[in-house]
Every structure is written in structure tokens, then in C-alpha cells.
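Working notes for the structure below.
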Amino acid sequence: MTPEQLSAAIVDVLTRLVDEGAITLPAGVPTTVTVERPRLQGHGDYATNVAMQLAKQAGTNPRALAELVRVPLEATDGVAGVEVAGPGFLNISVEAGAQGEVAAQIVAAGAAYGHTETLAGHRINVEFISANPTGPIHLGHTRWAVVGDAIARVLEAAGADVTREFYINDRGNQMNLFALSLEAAALGREVPADGYRGDYIPELAQKIVADIPGILDLPDDERLTAFREAGYALQLQEQKDQLDSFRTHIDVWFSERSLHDSEDVASGLEKLRGEGHLFDADGALWMRTTDFGDDKDRVLIRTNGELTYFASDTAYYVNKRERGFDRLLYLLGADHHGYVGRLRAMAACTGDDPAQTLEVLIGQMVKIMRGDQEVKLSKRSGDLVTLEELVDLIGVDPLRYTLARYPSDSPLTLDVAEITRQASDNPVFYVQYAHARVSSILRNGADLGLEPAKSEDFDPSLLSHEKEGALLRALAEFPRVVASAAQLREPHRVARYLEDTAATYHRFYDTCRVLPMGDEEPTDLHRARLLLVAATRTVLANGLALLGVSAPERM
């Protein structure tokens, strides 16, 4: 019996109590009830505070309401007992058979276990990284490359329709500086003082000259344009390849240029004008964002007729909404705190309620240490160390897992030696090793001709040991953890859950012998425990997949 099944049983009890007139709930019976593992042993297998939450509405005290719920809940199939505790908690004990059945349900669900319909019907756009196509993906982008992708994964697991989007800043002066830098490198000239440096510039320039014979003979304007477009295409493809190899897969690469080429900017401004939030002043076009809490109104078109970045951002927001997304997530860097208020005001100016359609997450900086030295500068980029260099130094799995296991709104300092060390106090190694260990046990069982119990032959009541019960309850929590991670945009909850579950598994394995010893005949208990091991492998693999981390069979 899972927390979700117990929640449904409690909702059913509440519904019957209302129908019978035993209680009244003017706001209606809740559709779900929170059921969690108690923190202290001896308080049952699960606990709920539903009576404390509904007592005021029901016009009674929490303990009295809890007692009303206790009697019919105790009669529910699979429930061994219910105790009213403290101010009105319900501590629920589950029959061993009902609890053991969780193992079979997990194995049957396979890769789908942990998925729910919590966010079904929601179309969510997650925009993250959004680097200029003028250089490699670097350390400053890497945290969101992990966390943004992990957020998208848990949102999908919770039933949402998710699109991962990368906004390509391919318009503006930085593109001209990029072209001038490439051209200078190809012609053997000094790169402009405010241009791009690093070994990748002459590398790109050399490739462009090889790919486009005669480019150096073009007239100056044509040559500069050719370098800009060829460099843009090559650098963008490199960014795509780097992210794919890092297991961060982008669904939509959205070009800023396309907003202007398709008249989206003009139509976006027209929409704003229709909402009555544009005005002309001092020869410029403004958006009256102060109507919605911004600290000042924002310029959209300057006096010289040039569009501001904010105009593009506004058109981009309108474009996303017109593509049918009901929730837009912006994952921004630590230097964008001041941008949150203006984005919300901008959304309000389009006629939206930003509390419903817009969400901005701010990620803090990451510092990588190697001994007492910060890993910061990159020879290749001439700037921050690149994603490719970080992967070479640390590895995809340790880097992804470590960046995913901490809240993204906190600054983070990582030590290369610590996060690559193969030891039990290294979280990524600990969780991956647990998966490899369960895989090894299943292989060893197969070598003995012993397979996990089949559903038709499985007696779940055999899994009655205290450590088996603890592991079953931990595994049953996984769907709730995933749904919570999705709703709160906190994938680190999955990582911490995996670490706790791995520890629970190790305690089970140290106490409960899974495979027969020597000439011992295999029994149904061995097969039942192998099924529990298989369920553990499913949960560990599914959890690691949500973080974009591999689940090795051997280590």
C-alpha cells in the first residue's frame, strides 16, 4: 500500500462521513490528503495531519475528527491499525501483505514508476542557459544546464507537457564584435580591444577560411558578414553538441533574429498598445511598467529608432504565450535579480496575471576548486573555464549529480578531488554504487537460477521484517518526492531522496540475506527479497535518470 493509495482511502472515508451527515465540510472534501512517513519509529508506517487541517472547517476539535476517521479507516483492506496521537495526528500501520505488494507494483511499472498526473494538462516552457553564440558554453552556464534540465525532467514526470528552450542572443553588437574578432584572426591582425579572445577564435577563423575558399578576397562588408554568419553557425553547432554530450537536450533553439524577421516584435508591441500600456515621451516609445510595481517605466524604442533588449524580451514573452504555453519559467543568473520585477510588470502589461503565467528562478554562482586554487580561467575561451573542460576534469556524472543535489539559489563551492573520489561519503558514488550493488545481486541470483518472484507466485506477506518494511516505505515515497520536486522546482529533493533510499537499502541488505548460502535450497522468501531488490534498482535508476545521471550495472 502506497501513500497515494492511503490518501485515496482517507478521501473515501471523509466522503462517506459527509454523505452520512457525521461531519460537514463547507469547502468540500479534499481531492488528496498528505500521507508521509513519520519521523520517529513507533508511530506507525505512515501518518497524516488531515484531521488537524479540516477540524475548524468541520466545526469540531482535531482529535474528535481524527477519531471519526480512525474507525472506518481501520476497516480498510490493507490497514492493520490506526492510532490517534498528539493533537490529532493519525498514525497508520499497514499489513505486511499490503506493504509488500509495493515491490511488485514498482517492478511492473518499470521506467514509469514515479510518474504521476500531478501537473497533467499544463504546458510549461522552461528557458535556460540562453548564451550568446559567440563562444563555448562555460562555467557560468553549467549550473543551469544541469538544474534547468532536471527541472524539465521532473516536470515531465509529474505529467506536464514541457518544452526546453534556449534563447539565442544572435542579434546586436556582440555579433559584430565576434565577426571582427574572427576576421582579424584570419587576416593575422590584432583582435579589437573589446573583441573576443582565446584559442577558439583562431581555430574558428582557420576552419571558416578552409570551408569558404576566397572569403579573404571578398569586399570588406561582405567579408565581415561572411565571417559573422559562418562563425555563428559553427559556434552554435558546437554549443548544441556540447550540451547533447552533457545529456542536456534542448527542444527549441529560438533565435532573437527570428523575432524581428517574423514581425513578432511589431505584433507584440501592437498587443501592448491595445492593452493601453504604451506611451510616447521624449521621442521614444515607453512601456508603463510602473503601473505594475516596476521601479521605473521601460524604453522599448529609443529616440534613434533602435529597439531595446527589453522590446525583444517583451516580444519573446508574447510569442511564447501565443505558442500555447500557460506557464513560462525563466532560469536566470545571479546578476539578473533586478530583472525579476520588470519581467513581472511586462507580463502584466500584456494582460496576463504574472502570478499564473510567469516564474523566474535565480541561480547563484558556482566556484570550482582544485586544491587551494580556483578553476576559473580557460586558455581556449580566454574567459571562464568551459563546459567541455569541466567534463574532462570532473566527468559528466559527478558534475551533473553534484550541481543537482544543492538548491540552485545558494552559492556553491565544489572541490574537484572530493566530487570525483570513489568513496561512500561521496554522494554520487554512494548512489551509483547502490545501483551497481543491486544489479550485482540480481546477476548473482540469475547465476544460481534464482529470479525475482513472479507476480502470480509472489506472497507479499513474506516481506515482514522491520528492515524490509522500512525499504518498502522508502520506495513507496518516490512518486510523492518527484511530484514535490516538480511543484517546487527543486530537483535536489530527488538527489537527497536517493541518498536516503540507498542508505535504507544498505541497512536492509546488511540484515536480510537475499541469496541462499552454500547448499541451501532457494525459498519463496529468497525470491520475494530478490523482487524487493529489483524494485530498489528500478527506483534508483529512475531517480538518477531524472537528474541526467547514469545508473551503472558495475563499478
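Looking across Gly81, Gly114, one residue alone is closer than 25 Å to Glu20 by Cβ, outside any helix (DSSP H, G or I) and among the small types (Gly, Ala, Ser). It is Gly81. The conditions of being surrounded by fewer than 18 Cβ atoms within 10 Å (Cβ to Cβ), under 25 Å from Thr501 (Cα atoms) and either in contact with a Leu (Cβ under 7 Å, 6 or more places away or on another chain) or not β-branched (Val, Ile, Thr) (or both) are met by Glu418. I'd like the full set of residues that are of a type in the set (D, E, K, R) and surrounded by 12 or more Cβ atoms within 10 Å (Cβ to Cβ), limited to region 277-305. Arg288, Asp291, Asp294, Asp297, Arg298, Arg302 - these are the residues of region 277-305 that are of a type in the set (D, E, K, R) and surrounded by 12 or more Cβ atoms within 10 Å (Cβ to Cβ). Can we say Glu322 is free of Cβ contacts under 8 Å to residues at least 12 places away in the same chain, within 16 Å of Leu358 (Cβ to Cβ) and open to solvent by 20 Å² or more (accessible area, probe 1.4 Å)? Yes; evaluated as a whole, the condition is true for this residue.
Of the strands (runs of 3 or more DSSP E) lying entirely inside region 207-292, those carrying at least 3 residues that are touching a residue at least 24 places away in the same chain (Cβ under 8 Å) are 252-255. Selection of first residues in region 29-50 that are surrounded by fewer than 14 Cβ atoms within 10 Å (Cβ to Cβ) and of second residues that are in a loop (DSSP other than H, G, I, E, B) and of a type in the set (D, E, K, R), restricted to Cβ pairs under 6 Å at least 6 apart or on distinct chains, gives an empty result.
Each row is one residue, and each column tells you yes or no for (1) open to solvent by 20 Å² or more (accessible area, probe 1.4 Å); (2) more than 25 Å from Thr116 (Cβ to Cβ); (3) modelled with pLDDT under 95.
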position: Arg437; (1), (2), (3): yes, yes, no
position: Arg443; (1), (2), (3): yes, yes, no
position: Asp457; (1), (2), (3): yes, yes, yes
position: Val482; (1), (2), (3): no, no, no
position: Ala495; (1), (2), (3): no, no, no
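The single residue among Ala120, Ala150, Ala131 that is out of contact with any Leu (no Cβ under 9 Å at 6 or more places or on another chain) and open to solvent by less than 10 Å² (accessible area, probe 1.4 Å) turns out to be Ala131. Comparison of Asp211, Asp194, Asp199, Asp217 shows that the only residue that is out of contact with any helix residue (DSSP H, G or I) (no Cβ under 9 Å at 6 or more places or on another chain) and open to solvent by 30 Å² or more (accessible area, probe 1.4 Å) is Asp199. A single entry from Glu20, Glu74, Glu67, Glu4 fulfils the requirement of being in contact (Cβ under 8 Å) with a residue 40 or more places away in the chain, open to solvent by 40 Å² or more (accessible area, probe 1.4 Å) and among the acidic types (Asp, Glu): Glu4.
Filtering region 181-206 to residues that are part of a helix (DSSP H, G or I) and aliphatic (A, V, I, L, M) leaves Leu182, Ala184, Ala185, Ala186, Leu187, Ile201, Leu204, Ala205. Selection over region 168-183 of residues that are open to solvent by 10 Å² or more (accessible area, probe 1.4 Å) and either free of Cβ contacts under 8 Å to residues at least 12 places away in the same chain or under 25 Å from Met365 (Cα atoms) (or both) gives a count of 3.
Scanning region 331-350 turns up no residue that is surrounded by fewer than 18 Cβ atoms within 10 Å (Cβ to Cβ), at positive phi and not in a helix (DSSP H, G or I).
The values are calculated or read from the model by the stated rules, or taken from the named source; none is laboratory data. What you see is a predicted model; the values in this text were computed from it and never measured. Every residue, glycine as well, gets a Cβ built from its backbone with ideal geometry; the counts of neighbours run over all protein chains shown. Heavy atoms of the whole protein, side chains included, go into the accessibility calculation; ligands, DNA and RNA do not. Shrake-Rupley method; radii C 1.70, N 1.55, O 1.52, S 1.80 Å.
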